[in-house]
Amino acid sequence: MTLTSVMRAALLSSVVFTVGTGAAAAAEWRGWNIHPEGYPNSDALEQFAQEVTEKTDGRVEATVYHNAVLGAQPDAIEQTRNGALDFANFNMGPMGPIVPATNVLSLPFLFDDLEHMHTVMDGEIGQLFADALEEKGLVALSWFDSGARSFYNTERPIRTPADMKGLKVRVMNNDLYVDMVDALGGNATPMAYGEVYQSLKTGVIDGAENNYPSFDTSNHYEVVPYYSVTQHLIIPECLCIAKASWQALSEQDREIVREAAIRAAETQRELWADSSAASRERVEEAGVEVNKVKDKSAFQEAMTPVYDDFIDAHPELESLVSAIRGTK
Ligand code: GTR
């Protein structure tokens, strides 16, 4: 090698070195979202992505992909755990099969109302769930609302558990919901959210269960005339970062991301209440018959075997259930 070729090689390798580290190619973060644009969670995720991109001076460039175009929720959870996706808003329902402690949050009638859920999730207990998620590769930075889920179906209003008899009801991917619907006398079918509309329309299923904004924006209300306010599930949702993406950040950028996530949850919760009321109005105007359930205690009592079986299978989680119930 001549002197110049040695110098050239040295120069080239230093250029490569500089490009590889110093100029620090932006981390391109892909974010998963199940909902369409305009949904409270979607607006909050957009705000999060924008704030992260701006405040990290482009060291992280975050983009949100709406409408589950990056996959159904259970797949997206896996992809975020293994770092193929960088951030997401996940419901704790389909998280149960992966992070068993989160099944506690899927126990019917666990929370009294949204406020109770906030108190629990924003406190020490919420941190316990975040720790359990982190062990499985997900860094939960804040908690979103998901309202209360109620049953809707094509056949009749649900007023008592007896009205559930024989109904084929779609549930999210978690055996606990199969037990829940079975205990009410219905037949549960776990199914991806994106398949529910067609299945309702073609009669593959008779009903499903969700909050007002999802019932509305999924267009299920177009093919389902009865929405019955059972409010059997209040399930929190996380804004989660892939652990690998989180660990690749500097301390300073982690702080930026954490703060952006907390602000995103504040926005989401603010938007939630209005959106829920607006969706309720919209579906009623479209002709859906919404009925109150005067006596929820019959539904609650029917859940006793679901709780008993759950505690039998997970005795270590009993104290967590009691701690949540005891939080005021
Ligand atoms: C929505 C929730 C989604 C998804 C969906 C479903 O309320 O925000 O993450 O879980 O329900 O029923 O699959």
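Please give the peptides 223-230, 187-194 ranked by average Cβ packing (other Cβ atoms within 10 Å per residue), highest first, as a rough proxy for protection.
On the way: 223-230: 20.0, 187-194: 17.6.
Going from most to least packed, we get 223-230, 187-194.
What's the local net charge at Leu320, with K and R +1, D and E -1, over the other residues with C-beta under 14 Å away? Working shown, then result.
Numbers: positive: Arg325; negative: Glu124, Asp131, Glu316, Glu318.
Net charge around Leu320: -3.
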Amide hydrogen neighbours beyond the local backbone of Asn291, cut-off 5 Å, H modeled: Tyr227, Ser228, Val229
³J(HN,Hα), Karplus 6.51/-1.76/1.60, whole Hz, each residue of the stretch 166-174, x for Gly, Pro: x, 6, 8, 10, 6, 10, 6, 6, 6
20 Å-binned pair-distance histogram of the chain (Cα, whole percent): 30, 52, 12, 4, 0
Where Lys296, Lys328 fall by accessible area, highest first, once all protein chains stay in place (1.4 Å): Lys328, Lys296
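Using the Cα centre of the chain as the reference point, and only Cβ charges (+1 on K/R, -1 on D/E), how large is the resulting charge dipole? Debye, rounded to the nearest 20. Could you put the intermediate results ahead of the total?
Details: 25 positive and 49 negative charges, 109 e Å.
Around 520 debye, computed over the chain.
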Selection from Gly93, Ala62, Met117, by position along the positive dipole direction of the stretch 28-180 (Cβ): Gly93
Amide H contacts of Phe144 (H built 1.01 Å from N, under 5 Å, at least 5 apart or other chain): Glu237, Cys238, Leu239
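Taking the highest mean first, how do the peptides 146-153, 63-70 order by number of other beta carbon atoms within 10 angstrom per residue?
Working: 146-153: 24.2, 63-70: 16.6.
Per-residue mean Cβ counts within 10 Å order the peptides as 146-153, 63-70.
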C-alpha center-to-center spacing [the stretch 225-285, the stretch 102-155] in angstrom: 11
Per-residue ³J(HN,Hα) for the stretch 294-306, Karplus 6.51 cos²θ - 1.76 cosθ + 1.60, θ = phi - 60°, Hz, x for Gly and Pro: 5, 10, 7, 5, 5, 5, 5, 5, 5, 7, 3, x, 5
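The values are calculated or read from the model by the stated rules, or taken from the named source; none is laboratory data. The model shown is predicted, which means the values in this text are computed figures rather than measured ones. All Cβ positions, even for glycine, are placed from backbone atoms using ideal geometry, and neighbour counts span all protein chains on display. The accessibility values were calculated without ligands, DNA or RNA, using every heavy atom of the protein model including side chains. Shrake-Rupley method; radii C 1.70, N 1.55, O 1.52, S 1.80 Å.
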